[in-house]
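Contents: one structure, followed by commentary.
The values are calculated or read from the model by the stated rules, or taken from the named source; none is laboratory data. Since this is a predicted model, take the numbers as computed values, not measurements. With ideal geometry, Cβ positions are generated from the backbone for all residues, glycine too; neighbour counts draw on all protein chains shown. Side chains included, ligands, DNA and RNA excluded: accessible areas come from the protein's heavy atoms. Shrake-Rupley method; radii C 1.70, N 1.55, O 1.52, S 1.80 Å.
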Amino acid sequence: MSQGHAARRISDIPVALRRSRELMRRDRWTDARLRAHQRALLGELVRHASANSAFYRELYRGIDLGGEVELERLPVTDKAAMMDRYDELVTDQRLRLADLEAHLDGLRRDELYLGRYRVMSTAGTTGRKGVFVADRGEWREYLAGLLRANEYMGLRPRLPRRRRVATVAAARPLHVTYRMSRSLDVGIHRVLRLDATAPVEELVEPLNRHQPEFLYSYPSVLWLLAVEQLEGRLSIAPTTIVSSGETHTDDIERTVRAAWDVPWFQIYGTTEVPLLGVHCSHHTGLHLFEDFAIVEVVDERDRPVAPGQPGHRLLVTNLVNRSQPLIRYALSDMVTEATGPCPCGRPFRVLRAVEGRSDDILHLPGTNGGEVTVHPLALRSVMAGVANLKQYRILYDHPRLRVRAALRADGAAEPTRAAIATGLRDRLTTLGAAALEVEVALVDRIEDGRDAAGKLRIIGTRP
């Protein structure tokens, strides 16, 4: 990395710190002020996109954008449409998908494209890779949002004895978690970075040496580390745990809580909108940072879903990014909005649960010749009742359900195998699925199923 780029990266920090203090003052906004802020930014965003993006100019043809923009009148977009017409969607005509992909192939740390843009990609777990850009101003706003989230979680600078932080996550600069962490790493904390794709045995020794106070990772990795702690190989005492990037299941939570009964904060973010929400100290759910994004919880036909009812997917409008406008952009996350506000008094809506992705739903043959949809929660509840289970992955590979399961050291192999197979067969039968073979393989560890960022897709269908 050049000295010039290093200096620019460091100069981002004081700007982001000042901005984060401004963002914290929004915690005292009224709901009316927050909605007015959203309407103003939405109008600016839509008019900017229509003027500078051939994709949106065509998409919004015939829609009056002169007055207040009515969000529900705007068409929905998605990753496929974005990637098919990428060069027309971005608002800087120097950005070309082929050139950005070549830049990604050559990334080593935190280099900027054209001296201005950070380029990142999704891992493609939903079947297609996405490419996303943010210019320096947009990136500083994202960093300010992360610093605000750190305040929610109590991760503040401490001198002269700096806080010890460990992150076990993406280890490649293609991914937004890596880039944001790198951007903020200017010596404020003592940070240990480990690769989430590494075998858990390779994580234990460096964590034991570092003794982190703050431990961040994906839920499936925290699950593995918790088992190492409970079985005596890992010996750390974090005061705070932070997780993101995967579904938080009951069995994972029980195991992690058994290892470390400390405050556990969840962060909700995507590459499209790096910080959508975070827990506060009340832990009632995820506060949506609605000053950064408009989040619509919708059903299969993109109709609004009431609080308290699970949605089929999200439509997200990124209010920060003008370089690559994402307006009513579909995400497959299935969430449930809380029915009431958080006791903390902040104006932001709260997500009670993030229950996976709609493309995690299994579509199985039904007993009457049709098709049965099986929500991943139905299968996770079965696995949560299996004793001595360390980790598992379920894959529907027509015409059978393949299960790979790793047990704790004291787990009994054959009774566990039978409990998994019987439990899943019985649950599928009650849901109306036709009889299918449940193939259970007991393994020492589950090495497949993680994407390039290290995230594990616990339940899915073979393409």
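The table below gives the values:
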read-out	value
Pair ASN208, HIS37: separation of 7 Å Cα→Cβ label points (nm)	4.7 nm
Karplus (6.51, -1.76, 1.60) ³J(HN,Hα), θ = phi - 60°, over region 103-120, in Hz, Gly and Pro reported as x	4, 4, 5, x, 5, 10, 9, 10, 5, 9, 8, 6, x, 9, 10, 8, 10, 9
MRE, 222 nm, helices only [DSSP H, n ≥ 4, -39500 (n - 2.57), over the chain, to nearest 500]	-10500 deg cm²/dmol
Within straight-line cross-link reach of LYS129, lysines at Cα separation under 25 Å, skipping those fewer than 8 residues along the same chain	LYS79, LYS455
Extension gain (nm, one decimal) between ALA413 and ASP426, 0.36 nm per residue minus Cα-Cα	2.7 nm
Region 340-349 - phi-based ³J(HN,Hα) in whole Hz, Karplus 6.51/-1.76/1.60, Gly and Pro as x	x, x, 6, x, 5, x, 5, x, 7, 4
R0 of 51 Å, Cβ-Cβ distance ARG462-ARG161: FRET efficiency to nearest 0.05	0.50
Distance from region 388-406 to region 201-222 (C-alpha centre basis), Å	26 Å
Percent accessible area from carbon and sulfur atoms, region 210-271, protein chains only, probe 1.4 Å	47 percent
Solvent-accessible heavy-atom area per residue, rounded to whole Å², over the chain at 1.4 Å	43 Å²
Nonlocal amide H pairs with VAL372, under 5 Å, H built at 1.01 Å	LEU364, GLY366
Förster-model FRET efficiency, 25 Å R0, ARG445 and SER235, C-beta, rounded to 0.05	0.75
Rounded FRET efficiency, nearest 0.05, which uses the C-beta distance separating ARG257 from ALA81 and R0 of 41 Å	0.50
Under 12 Å, Cβ to Cβ, from VAL298 - net charge with Lys/Arg +1 and Asp/Glu -1	-3
